[in-house]
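The values are calculated or read from the model by the stated rules, or taken from the named source; none is laboratory data. The model shown is predicted, which means the values in this text are computed figures rather than measured ones. We place every Cβ from the backbone using ideal geometry, glycine too, and count neighbours over all the protein chains shown.
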Amino acid sequence: MSNLKTQRQEERLKYIDLCAYVMGFVNRKILMNRFDVKEAWATNDFKTYQVRSNEGLIYDHGLKAYKPIDSFIPIFKHESSTAIQLLSNGSQTIVCEPSFASKSYSCIIPTVVLKLNTIYPILRAISLNKQVEIEYFSRSTGKTKRKLSPHSLIKTGCFVYVRAFDHKEDEHRTFKLSRVFTAQFVNQKPEAHETIEMDNDWNTQVKLTIGINSNGIEKETIKFDYGFESDSIEIELKKAIVPFFLMDWNIAPINYPKLPVTLFPLKEINNQDV
């Protein structure tokens, strides 16, 4: 096999490995769609992967896909950011020309690096609609053990959160992934009241009115910066997302009207259910 063919197959094998590890299932259709290969190529890739992984996958007729065995260990190294992008966006980043990166400069604020071997049970539980048991650090209660029925990820500029039903508090809540100390997959489906359909804040749309946090000379500049055609704009989004939206855009919440314009150029004027 040529070097190019070997390299391309390695990419496909790594994708099989990632899907099995994070999503809890993978099949030929997924591989064919991602890499635009024929069924015969996909079949050969799965055979090769099974040899490389010492039969690390088993076919599940209910899923109509391969799933990892109980003692599954990934044979490739994967980044947590890649896994989160796959699950939340259904995509992967492809490096087209590394030299282009030298034309710009970016500075990333240091933050906690998510460990995939810690959080993958949560991602798999979301993918398979199952439950997970975690040890979690909270600012209000310290280190606690919780059982969650997670249903969605929330990505912000610096952090990733999981939206889940919290069995400890008997309600839907949002948890920061970087605060998860340990996680264990639980092969049990959520009860009816624990599902995404019963998450009221997730399914409620709110209308935010966002205005300029200034009446001074900088007001017109701020309007130009954010593309405001008037003194305010209206935005609709999920009620559960509002705190993260405000944090991401440095918008002063409605109950904090005196925050400095230097750090909070915008402010929340109104918040109502749609």
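Things worth noting here:
- Segment 20-57: number of residues that are β-branched (Val, Ile, Thr) and in contact with a strand residue (DSSP E or B) (Cβ under 6 Å, 6 or more places away or on another chain): 1
- Only listed residue being acidic (Asp, Glu), modelled with pLDDT of 95 or more and within 10 Å of residue 206 (Cα to Cα), chosen from 268, 236: 236
- Scanning segment 149-178 for residues that are hydrophobic (A, V, I, L, M, F, W, C) and outside any loop (DSSP other than H, G, I, E, B) yields 153, 154, 160, 162, 164, 165, 175, 177.
- Looking across segment 173-188, the residues that are surrounded by 13 or more Cβ atoms within 10 Å (Cβ to Cβ) and in contact (Cβ under 8 Å) with a residue 60 or more places away in the chain come down to 174, 177, 178, 180, 183, 184, 185, 186.
- Screening segment 188-274 for strands (runs of 3 or more DSSP E) wholly inside it with 1 or more residues that are farther than 28 Å from residue 132 by Cβ, assigned by TED's automatic domain parsing to the domain that holds residue 161 and out of contact with any strand residue (DSSP E or B) (no Cβ under 6 Å at 6 or more places or on another chain) returns no ranges.
- Flag: residue 99 does not match the condition of being among the polar types (S, T, N, Q), touching a helix residue (DSSP H, G or I) at 6+ places or on another chain (Cβ under 6 Å) and not in a strand (DSSP E or B).
- The listed residue being of a type in the set (A, V, I, L, M, F, W, C) and more than 29 Å from residue 148 (Cβ to Cβ), out of 241, 254: 254
- Residues satisfying the stated conditions in segment 231-263, i.e. more than 26 Å from the chain's Cα centre (by Cα) and either among the polar types (S, T, N, Q) or over 30 Å from residue 164 (Cβ atoms) (or both): 231, 232, 233, 255, 257, 258, 259, 260, 261, 262, 263
- Scanning segment 4-44 for residues that are under 21 Å from residue 77 (Cβ atoms) and not hydrophobic (A, V, I, L, M, F, W, C) yields a total of 13.
- Test result for residue 169, under 20 Å from the mean Cα position of the chain (by Cα) and without any contact (Cβ under 8 Å) to a residue 12 or more places away in the chain: no
- Any hit, segment 44-53, residues being touching a residue at least 60 places away in the same chain (Cβ under 8 Å) and closer than 28 Å to residue 180 by Cβ: no
- Among the candidates 268, 236, the residue that is under 25 Å from residue 158 (Cβ atoms), among the acidic types (Asp, Glu) and touching a Pro at 6+ places or on another chain (Cβ under 6 Å) is uniquely 268.
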